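J.: I am attaching a structure below and will ask some questions about it afterwards.
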Amino acid sequence: MFSSIGLIGAGTMGSAVLQAAAKGAPDAALYCSNRTPAKAQALAQEVGGQAVDNAAVARTCSLIFLGVKPQMMAGVLADLAPVLAARTDRFVLASMAAGLDGQAIQDLAGGKYPVICLMPNTPVAVGAGVVQYYGVDTTQEELDAFQALMAPAGLVDPIEPHLLPAASGVSGCGPAFCALFIEALADGGVACGLPRAKALAYAAQMVEGTAKLMMEKGLHPGQLKDGVCSPGGTTIQGVRVLEERGFRAAAMDAVIATFEKNKELAK
């Protein structure tokens with residue numbers, strides 16, 4: 001369905017999404033633009049597409065990813081509104097801007113165009129990410145095509161619009177929280193004498209393996225924790241320290257903080 005796919009805003013998240021889309025639609029024409037042209041050119045070379053300007057993406061593509069920061073979206077879409085209004089074919093806008101729902105994107109773009117709001121995370125670039133999405137004024141065929149297009153990204157899941165901000169705090173922002181955890185574990189290993197490279201490799205592989213074990217075996221995280229905590233052993237002492245320092249409460253508060261920020265951006 002999407003014969004030409006474009007990206008406006010070749011930042012970290014937008015680039016990851018286009019990389020996944022390139023795998024999902026290997027025969028589609030790909031276009032990307034960015035306020036720093038060299039960045040768009042580098043991404044275009046990586047995915048086998050073309051680096052163009054914003055107007056060319058808006059004029060050409062049947063699916064237009066908007067990888068623009070929320071605070072910049074109004075200005076970008078104001079410039080593109082005449083280009084979009086001049087089109088006579090059907091196209092879909094796909095926004096990944098936190099705090100801007102589908103109706104807001106339509107208002108900023110100047111028309112009731114089909115909109116897909118998505119919340120990807122950076123691991124989509126390596127096929128191990130999460131993408132939640134919902135549509136506004138889209139057909140089921142378009143949503144199905146989008147689901148198939150993004151399948152190489154990892155877990156692609158339709159969601160109710162009001163749940164997207166919460167999902168963002170868990171999986172959209174989560175890679176930053178997880179990276180902090182991996183770095184902290186590695187720092188602890190270095191403090192105990194491990195070489196830095198080995199400590200990072202061990203911590204990262206442990207996180208990947210634990211997640212895979214939980215998902216493939218259908219285990220609750222508590223079961224995995226209990227399975228490692230032998231009576232009177234070493235692991236339970238580490239768990240005790242994490243509980244004393246408020247590890248779980250801090251993680252919960254981090255997700256809630258992102259949710260509250262999302263609500264602020266929507267005002």
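J.: In Å, what is the Rg of the alpha-carbon atoms in the chain, and how long is Dmax?
T.: For the chain, the Cα-based Rg and Dmax read 20.9, 71 Å.
J.: Just to be sure I follow the rule: in the chain, considering lysines 8 or more places apart or on different chains, how many pairs have Cα atoms under 22 Å apart?
T.: 10
J.: Could you tell me how far the Cα centroid of the stretch 1-67 sits from the Cα centroid of the stretch 105-154, in Å?
T.: Cα centroid of the stretch 105-154 versus Cα centroid of the stretch 1-67: 14 Å apart.
J.: When the Debye formula is applied to the Cα atoms of the stretch 1-73, each taken as the same point scatterer, what base-10 log of I(q)/I(0) results at q = 0.19, 0.27 Å⁻¹?
T.: Relative scattering, expressed as log10 I(q)/I(0), comes to -0.63, -1.30.
J.: Given bins 5 angstrom wide, list per bin the percent of all Cα-Cα distances in the stretch 114-267, short to long.
T.: 2, 8, 12, 17, 19, 15, 11, 8, 5, 3, 1, 0
J.: How large is the direction-averaged shadow of the alpha-carbon convex hull of the stretch 197-267, in nm²? If you can, show how the numbers build up before the last one.
T.: Details: hull surface 28.8 nm².
Dividing the Cα hull surface by four gives the mean projection, 7.2 nm².
J.: Please list, in order along the stretch 43-58, the HN-Hα scalar couplings obtained from phi with the Karplus expression 6.51 cos²θ - 1.76 cosθ + 1.60 (θ = phi - 60°), rounded to whole Hz, x for Gly and Pro.
T.: In residue order, the calculated couplings are 5, 4, 5, 5, 9, x, x, 10, 8, 9, 9, 4, 5, 5, 5, 5 Hz.
J.: In the stretch 87-201, if every C-alpha pair distance is counted and binned at 10 Å from zero, what percent goes to each bin?
T.: In whole percents, the pair-distance histogram is 13, 35, 26, 14, 9, 3, 0.
J.: Write down the radius of gyration of the stretch 42-137 and its Dmax, each obtained from C-alpha positions, in Å.
T.: That works out to 13.5, 38 Å for Rg and Dmax.
J.: From the helices alone, meaning DSSP H stretches of at least four residues, give me the mean residue ellipticity at 222 nm for the chain, per-run term -39500 (n - 2.57), in deg cm²/dmol to the nearest 500. Intermediate results must be reported in sequence, preceding the final value.
T.: Values: 12 runs with 148 residues, N = 267.
Rounded to the nearest 500, it is -17500 deg cm²/dmol.
J.: Any chance you could get the radius of gyration and Dmax over the Cα atoms of the stretch 152-242, in Å?
T.: 16.0, 48
Rule-based calculations on the coordinates, nothing more; no lab input. These figures come from a predicted structure and were not determined experimentally.
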